[in-house]
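*Asks:* Attaching a single structure in structure tokens format; questions to follow.
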Amino acid sequence: MLTSPTPAWFEIPTADLRRACDFYENLLGKPFKLQEMGPMKLAIFQSECPQSGGALIQSEGFEPATSGSIVYLHVDDVRTTLARANDAGSDTLVPITALPGDGGYFAQFRDSEGNRVGLFSKSVTTN
């Protein structure tokens, strides 16, 4: 059985860790903690939730892709975060979509490295 919150850890592959850090720092407005573990170079997402976290990773065998598993980042507002991603040159892959009931909103974009990444927020600003 999985425990909450899930996932415990995620890794987003990068071809250029510095470029990815610049993209995500601009997107989320938070710095990363840089770390190396043997041949792996990591940039750790700073999170308010100590039980869950993730990193950008540059290492052999980690290839950016738009297929496969999708990581969703919980943000304050999908609309403003997606706009920042688009301003930084990313493509919207799935536009802002309302979940049923009061489930919130999500969207997907292609990041600076070519990964498909999702965004989720409970509400969005109106235009």
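The values are calculated or read from the model by the stated rules, or taken from the named source; none is laboratory data. Here the structure is a predicted model, which means the values were calculated and not measured. Virtual Cβ from ideal backbone geometry, glycine too; neighbours counted across all protein chains shown. Ligands, DNA and RNA are stripped out before the accessible areas are found, and what is left, the full protein with its side chains, is counted by its heavy atoms. Shrake-Rupley method; radii C 1.70, N 1.55, O 1.52, S 1.80 Å.
*Asks:* Using a 1.4 angstrom probe on the protein heavy atoms only, line up 121, 59 by accessible area, largest first. Before the final figure, lay out the partial values.
*Replies:* On the way: 121 0, 59 25 Å².
Of 121, 59, the descending order of accessible area is 59, 121.
*Asks:* Report residue 72's accessible area, 1.4 Å probe, all protein chains in place, as a number in Å² to the nearest 10.
*Replies:* Per-residue accessible area (residue 72): approximately 100 Å².
*Asks:* Multiply the residue separation of residue 28 and residue 60 by 0.36 nm, subtract the distance between their alpha-carbon atoms, and state the gained length in nm to one decimal.
*Replies:* Separation in residues times 0.36 nm, less the Cα-Cα distance, equals 8.9 nm.
*Asks:* Which entry in [x] 9.6; [y] 7.4; [z] 8.7 matches mean projected area of the Cα convex hull in nm² derived from the coordinates of this structure?
*Replies:* Correct label, based on the coordinates given: [z].
*Asks:* Let me ask something else about it. Using a Gaussian network for the chain with springs between C-alpha atoms less than 10 Å apart, which of these wobbles most: 94, 71, 117?
*Replies:* 94
*Asks:* Still on this structure, please answer the following. On full extension of the chain, what length is gained from residue 102 through residue 120, given 0.36 nm per residue of separation minus the C-alpha to C-alpha distance?
*Replies:* So the chain would gain 5.2 nm between residue 102 and residue 120.
*Asks:* What's the FRET efficiency of residue 37 with residue 87 using the Cβ-Cβ distance as r and R₀ = 35 Å, to the nearest 0.05?
*Replies:* Efficiency, from the Cβ-Cβ distance: 0.60.
*Asks:* Additional query: Let me have the relative contact order for the chain, percent, based on Cα pairs under 8 Å that are six or more residues apart.
*Replies:* 25
*Asks:* Which net charge results when you count Lys and Arg as +1 and Asp and Glu as -1 among the other residues whose beta-carbon is under 13 Å from that of residue 58?
*Replies:* On the way: positive: 18, 19, 41; negative: 11, 16, 36, 60, 63, 113.
Result for the neighbourhood of residue 58: -3.
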